[in-house]
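Some notes on the structure that comes next.
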Amino acid sequence: MATDVAVLDACVLYPVQLRDFFLSLAAADLFRPKWSDAIHEEWISALLASRSDLTRKHLEAIRDLMNQYFLDSEVQGFETLIPTLTLPDPDDRHVLAAAIHSRADAIVTVNLKDFPPVALAKMRSRLRAPAITPTEFVDSIERAGLPAAAARLRHRTTRL
């Protein structure tokens with residue numbers, strides 16, 4: 001069983017191609033996906049706003065299938081961390097809080113500007129069992145099947 005854990009941000013669950021890609025990687029046991037009700041609501045609401053041919057019932061059925069197939073994927077109990085976190089977009093704090101609470105190795109997002117290295121350094125610093133170096137942190141992202149994300153972060157490891 002995969003040991004690397006990655007929180008999937010709504011922006012990678014919103015497009016069906018990315019959602020299918022990452023869920024396929026997770027189904028192949030390359031990493032363990034995590035998300036929260038808030039993340040689900042974010043991608044569902046965005047899709048409903050842009051696609052009049054979809055219904056909430058249909059998208060909630062997809063959400064329910066995701067939760068059923070990946071039984072330990074839903075992160076709960078992280079909400080008290082949200083007000084303690086600072087990100088450029090305060091609306092993304094719930095994603096970082098879910099990642100910290102679930103001891104995720106990575107956050108999978110296309111919104112890198114919303115998750116600056118300093119915030120990720122704080123996330124990494126909370127991984128104490130065992131503590132990991134910045135390079136090991138980026139390596140874990142690469143092992144989770146995200147080489148492009150790891151490559152973009154690798155040059156920043158000196159700042160983590």
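The values are calculated or read from the model by the stated rules, or taken from the named source; none is laboratory data. On a predicted model such as this, the values are computed, not experimentally measured, just so you know. Cβ sites come from the backbone with ideal geometry, for glycine too, and all protein chains shown count toward neighbours.
Just one of (1) closer than 24 Å to VAL138 by Cα; (2) out of contact with any Cys (no Cβ under 9 Å at 6 or more places or on another chain); (3) aliphatic (A, V, I, L, M) trips up ILE62, so point out which.
(1)
From (1) modelled with pLDDT under 70; (2) of a type in the set (Asp, Glu); (3) farther than 17 Å from VAL7 by Cα, pick out the condition that doesn't hold for ASP53.
Only one criterion in (1) modelled with pLDDT under 70; (2) of a type in the set (Asp, Glu); (3) farther than 17 Å from VAL7 by Cα is unmet by ASP53, namely (1).
In segment 75-110, which residue that is polar (S, T, N, Q) and surrounded by 13 or more Cβ atoms within 10 Å (Cβ to Cβ) is modelled with the highest pLDDT? Talk me through it step by step, then tell me what you get.
First, pick out the residues of segment 75-110 that are polar (S, T, N, Q): 76, 80, 84, 86, 102, 109.
Filter once more, keeping what is surrounded by 13 or more Cβ atoms within 10 Å (Cβ to Cβ): 102, 109.
Numbers: SER102: 93, THR109: 86.
Filtering segment 75-110 for residues that are polar (S, T, N, Q) and surrounded by 13 or more Cβ atoms within 10 Å (Cβ to Cβ), the one modelled with the highest pLDDT comes out as SER102.
When the residues of segment 47-74 are filtered to those that are of a type in the set (Ser, Thr, Tyr) and touching a residue at least 40 places away in the same chain (Cβ under 8 Å), which remaining residue is surrounded by the fewest Cβ atoms within 10 Å (Cβ to Cβ)? Give the steps one after another, and end with the answer.
Within segment 47-74, the subset of a type in the set (Ser, Thr, Tyr) is 50, 52, 55, 69, 73.
Imposing the further condition that a residue be touching a residue at least 40 places away in the same chain (Cβ under 8 Å) reduces the set to 69, 73.
On the way: TYR69: 12, SER73: 20.
Out of the qualifying residues, it is TYR69.
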